[in-house]
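Read the figures in this text as sums done on the coordinates, not as results from a lab. Computed from a prediction, not measured in an experiment: that's the story for all the values here. Ideal geometry is used to build each Cβ from the backbone, glycine not excepted, and the neighbour counts take in all protein chains shown.
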């Protein structure tokens, strides 16, 4: 009975093959196919043939299991290729497998492409005339996507994305939508946590496809650590879902997500750890405070600036000073602008990064890619660069990491005219970049950045203050006014933290305070105030003078005289003016002045510190003109003036840690 059933089944399969391929002529190989079908696999083949070789791609991530290229021996006729393909189909059908011949080749070589289960391979390698079988695999265009090319420095190998490391020592928490963890870009790199706090979707009555819910998170995760699109391809990512399928969440949900992460880190510590916040909401004191607490506990928080073509200080968590806030640029290194929207800007932005047409993982399928634009993508780039830097210096604090990001960034590439006029001075003109392979920067190097306050009111003696972040030391304080009406600046201490306070002058339109905030100083620093108006503010012995400030009680411009850097280190004061000296003590710190006094009248004067020296103080010295004030751009002191007179000179205080081989000056 069993034999009858077998013969019937085999006859049916043969008929099925003839029906499916009735348009082909089987006359010359019908006998071969019948013999293959009727062959008893329990018995050895009449003619023992060696198996063909089988090869697969050495890059596991690029393999395409289930798709195989069958290469025939040299001299094989095209008819034999077709007969071999049909024979393989027949043998597979006998075992209950369906295969699909996708392509035949008869040019550079003879063979065919077949889609089949790997279980059929042992039959395929036994087919006559087969030289070898190769598993199909992916190939890729070798031009680096513009965003990865942009963050590389010039000394990297051309045409290849080659960061100093892959960030493998760093853990990243991604607060976003859900993530498609089976995507080839991020498979085995992203762990989905059990946290889920999202609101109901607006106006949705039907169930969404999973791919729609995973879209934003999958793309962002790919930018951070994707195999081919990622910045830090060894960093591990933990997905914390705080956004729904529409990309919408709540402040309360984000707070719950931060609390979940804090609890997780207490039970299973990860260090270094980055929290990526690719979202913004309206200004929230509570969300900012929660982010600040996370930074104080040792985490690095990186946030999107927002896509509203607005002041980032109006949004959270972008407005929190302890968070590293990221704006977006396009491939021309200009602020991202897309129709009615664009990157947020202003003093609350710390750095910019690529955010336009960024290629990364798509949730449409496990091998799909797509492009997205926005400050979420920019923030993901900075998270990747931060992972590379933390891999080099795992003990760096959030403040030290920000200084390193700014140090390695590409500076003054954005056209200031592309920024809103109210934010041109306060927006940092820096685009993130990976460290140059030749860089010798360490976590102990003296690094400084400028922190701008908001603009003060226009009333007389209105004040505004700039503060450094936790872990930074204020080494100088200056002020700036667009029309030059200012009464100077002073250094105060409030709640144990130094503040750079700028004072609006008579007839002023508002003034800015500019704090020079530094890490790596390794010094004990203090601010010395003039004992009385008109008296010098002098540093104690063995202290270095890192910057001077001055304020006037009359409401008039109060630039002081040239700082003293000889045997006395002091900030002179004019009559009716109070001076403030920023003084630091450490055996390795050394400082000197650089001054630029133009030979002709100029509304803007600049002076820069030499390589290996860091600008800690920037000061204007009026030569009869109205000095609008002084501020730092990178390592350059900038002074602006207007009116009569001979303009103003720019005075830079430049400091560094003395090289170990250099003796100390006495």
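Could you sort the peptides 263-274, 533-544 by per-residue average Cβ neighbour count (10 Å cutoff), highest mean leading?
With the highest mean Cβ count within 10 Å placed first, the list reads 533-544, 263-274.
What does the extension gain come out to for residue 262 and residue 331, with contour length at 0.36 nm per residue minus their alpha carbon separation?
Going from the current span to full extension adds 21.2 nm.
Quote the Stokes-Einstein diffusion coefficient, in whole µm² s⁻¹, for the stretch 447-657, based on the Kirkwood radius over alpha carbon pairs, a temperature of 10 °C and a viscosity of 1.306 mPa s.
The Stokes-Einstein estimate is 97 µm²/s.
Restricting to Cα pairs below 8 Å that are 6+ residues apart, what does the relative contact order work out to for the chain? Please round to a whole percent.
8
In degrees from 0 to 90, rounded to the nearest 10, what is the angle of the helix 398-408 Cα long axis to the longest principal axis of the chain?
80
Tilt of helix 375-392 relative to the longest C-alpha principal axis of the chain, in degrees (0 to 90, nearest 10)?
The two axes meet at around 80 degrees.
Show that you can apply the helix-only estimate: for the chain, add -39,500 (n - 2.57) for every DSSP H stretch of four or more residues, divide by all residues, and state [θ] at 222 nm to the nearest 500.
About -6000 deg cm²/dmol.
Any idea what angle helix 210-225 forms with the longest principal axis of the chain, computed on alpha-carbon atoms, 0 to 90 degrees, nearest 10?
Roughly 60 degrees between the two axes.
Using Cα pairs under 8 angstrom and six or more residues apart, how large is the relative contact order of the stretch 210-265, in percent?
23
How many percent of all Cα-Cα pairs in the stretch 337-434 sit more than 25 Å apart?
Every Cα pair in the stretch 337-434 considered, those over 25 Å come to 28 percent.
Going by how many other Cβ atoms sit within 10 Å of their own, how do 369, 512, 109, 283 line up, fewest first?
Going from sparsest to densest Cβ surroundings: 109, 283, 369, 512.
Checking a compactness column here: for the chain, what do you get for Rg(Cα) / (2.2 N^0.38 Å), N being the number of residues?
1.30
What distance in nm separates the two pseudo spin-label positions at residue 134 and residue 603, each 7 Å out from Cα along the beta-carbon direction?
Spacing of the two 7 Å Cα→Cβ label points: 6.6 nm.
What is the distance in Å between the Cα centres of the stretch 498-537 and the stretch 260-274?
So the two Cα centres are separated by 38 Å.
Would you mind putting 292-298, 513-519, 389-395 in packing order, based on average other-beta-carbon counts within 10 Å, highest first?
513-519, 389-395, 292-298
How many nm is it between the label spots at residue 314 and residue 442, if each spot is 7 Å from the Cα in line with the beta carbon?
Spacing of the two 7 Å Cα→Cβ label points: 4.6 nm.
Quick check: the distance between the Cα centres of the stretch 579-636 and the stretch 377-446, to the nearest angstrom?
23
Taking 8 Å as the Cα distance limit and 6 or more residues as the minimum spacing, I'd like the relative contact order of the stretch 336-449 as a percentage.
That works out to 31 percent.
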